[in-house]
Amino acid sequence: MTVSIIIPTYNRADTLEITLSTIYQQVDLEGVEVIVIDNGSTDNTADICATFAKEYLPALKYQVDAEPGLLTGRHAGASLATGEILCFIDDDVELSHTWISGVKDAFRDDEIQLATGPCLPKYEAPPPAWLNFFWESMGSEGRLCTWLSLLDLGNNNKLDIHPNYVWGLNFCIRKTAFYKLGGFHPDNIPDHLQMFQGDGETGLTLKAYRVNYKAIYHPQIMLHHIIQSKRLTVDYFKKRAFYQGVCNSFTHLKETYQNSRKQSTLTANITTLRRVLQEAKNKLKLMFFTPQEIMLIKKELRQKELEGYHFHQQAFKSNPKVKKWVLQKDYWNYKLPV
């Protein structure tokens, strides 16, 4: 089995070096290639990649593509990949030494199309006490913190998870499935171009769910996400909430305009029901278990999410470029319309 590890990066040479080191330290590197797509870094990213290609990872490919946004690295990396399995990871993660072995084990089952594993935190600084209120319990299944892309579903294989739990920092997929599903949507767009933000991997995983592609959670596909201290602030969470609102708007517009009316209505109803149930749970949790300070923070975050949603909805209505961008079929020929 051949595996292509694709790493989009931008001015994170220090953490990228850590990520590459943990790839080099894998138990099983047979049939593995590493592809780094540099989104126009001005630090020493190129030097680090050259060193690893020469001394540690001879199957490392490095390419510069400065078109803004995370999608650049994802799709450019996929176009260079020769592996049967595409693994998209972030440039600020540390892979467990069993990570590649876990990927290969997961995809030995021909029915599995997507895979992920534990995404655990490695904090640069001690996390604030209020962060505990932003973890969501899944009962006996585990817990997650979407705000920091953290997922812990325990130490056992889970053979049929919802594809939406396969997140971009630890996203493994068969190449055939990746192309059949139409690739990713725009993601991580610079602030001044936020109207062109999309829903990243969510659009792809929703389509995977609709066609009944199977996804697996495999505990060996474990990584640690390096959480910088600047992300452990209320201001960062506010920015993340606004961004999430934009993503939600993109998802809803795609479903409304591109799916059949029946399918779109069903999907929208399911999405709405999930949101209502989650908000009800959150309100109960806030009412009985949450200090006043946390209630205020969560209220601010809900407001920011609504602001992001309405910002994008308005941009879609008033800017023909945004409408065309949202409604285009796919983003293989990725270039922002600016």
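Here is how the numbers come out for the structure above:
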| item | result |
| --- | --- |
| Neighbour-count ranking [beta-carbon atoms within 10 angstrom, fewest first] of L150, L95 | L150, L95 |
| Cβ crowding within 10 Å averaged over residues, with 7-17, 174-184 ranked highest first | 7-17, 174-184 |
| Residue of A78, A241, A53 that the Gaussian network model of the chain assigns the largest fluctuation, springs spanning Cα pairs under 10 Å | A53 |
| Only Lys, Arg (+1) and Asp, Glu (-1) charged, at Cβ; the chain dipole about Cα centre in debye | 1760 debye |
| Residue-averaged 222 nm ellipticity for the chain, from DSSP H runs of 4+ at -39500 (n - 2.57), nearest 500 | -14000 deg cm²/dmol |
| Shape category assigned to the chain from the gyration tensor of Cα positions, a/c cut at 1.5 | rounded |
| Projected label distance in nm at V234 and K321, using a 7 Å step from Cα toward the beta-carbon | 3.6 nm |
| Cβ-derived FRET efficiency at R0 35 Å, D47 paired with Y123, nearest 0.05 | 0.80 |
| Between helix 292-318 and the chain: long-axis angle, C-alpha atoms, 0 to 90°, nearest 10 | 80 degrees |
| Charge dipole (the chain, unit charges on Cβ, about Cα centre) - positive-most of I189, P8, P291 | P291 |
| Cross-link pairs K238/K298; K180/K321; K238/K304; K254/K298 - those with Cα-Cα distance over 18 Å | K180/K321; K254/K298 |
| The chain, relative contact order [Cα under 8 Å, separation at least 6], % | 19 percent |
| At q = 0.10, 0.11, 0.19 Å⁻¹, base-10 log of I(q)/I(0) for the stretch 1-127 (Debye sum, equal scatterers on each alpha carbon) | -0.30, -0.36, -1.09 |
| Sites A66 and Q292, calculated FRET efficiency, Cβ-Cβ separation with R0 41 Å, nearest 0.05 | 0.35 |
| Partner aspartates and glutamates for K230 [C-alpha distance under 13 Å; skip if fewer than 8 residues away on the same chain] | E124 |
| Cα long-axis angle, helix 13-24 against the chain (0 to 90 degrees, to the nearest 10) | 60 degrees |
| Theoretical gain in end-to-end length, Q328 to R210 [0.36 nm per residue, Cα-Cα removed] | 40.5 nm |
| Cα-derived Rg over Rh, computed across the stretch 19-75 with Rh taken as Kirkwood radius | 0.99 |
| Sites H310 and H162, calculated FRET efficiency, Cβ-Cβ separation with R0 25 Å, nearest 0.05 | 0.35 |
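The numbers here are math on the coordinates, done by the rules we state, and not lab data. Predicted model only: the values in this text are computed from it and were never measured. As a convention, Cβ positions derive from the backbone with ideal geometry for all residues, glycine included, and neighbour counts pool all protein chains shown.
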